[in-house]
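As structure tokens, the structure follows; a few thoughts come after it.
Please treat every number below as a calculation from the coordinates, not as lab data. As the structure is a prediction and not an experimental result, all values here were calculated from the model. Methodologically, a virtual Cβ is constructed for each residue, glycine included, from the backbone with ideal geometry; neighbour enumeration extends over all protein chains shown.
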Amino acid sequence: MGLSSKSSDTHSYRTTLKHRQRQKRYYQANREAETTKQERYRLRLKTETLTYYGKGGKLQCCWPGCNEVDLDVLTLDHVNDDGGRGRRSREHGSGTKFYRWLRDQNYPDGFQTLCGSHQLKKEILKQRRAAQGFRLLMAHLKAIPECL
Ligand SMILES: [Zn+2]
């Protein structure tokens, strides 16, 4: 009697465990499917946007002589970057949200596709120009006696 009741408990415990595992698998699978769906949408939107703003309407970096076509390293660049990156992300969000906003606006001018290296290169050139401008300004101020 004692033995049979114990085995029945074990059985129901196993059933519950199995049921829980099945539920867990179901939720995991569902979550993965949902993530995959979102990921596919994100990639499609990114591809579409970066293709539009790419070199010659192709998914490619716009920097002269650059042939980078890897979606993972391509990014959208604000052509006349006047510190607008922060403002832009505040207004329209970033990533998928921003790509969607651009598409809703029928892809306005002022953006280009750049690879990560050339995004960085652009930033370096900008800082170098700013430093040169500062040196020129200092030289100019030194030339004016009352400024010293
Ligand atoms: Zn590039």
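Cβ crowding within 10 Å, taken as a proxy for footprinting-reagent exposure, orders 122, 97, 46 from fewest neighbours to most as 97, 122, 46.
For the cross-link pairs 46/97; 97/121; 55/121; 37/97, the ones whose C-alpha atoms lie over 21 Å apart are 97/121. In this simple spin-label approximation, residue 51 and residue 126 carry label points 7 Å from Cα along the Cα→Cβ vector, and these lie 2.8 nm apart. Taking the number of Cβ atoms within 10 Å of each Cβ as an exposure proxy, the fewest-first ranking of 12, 117 is 12, 117.
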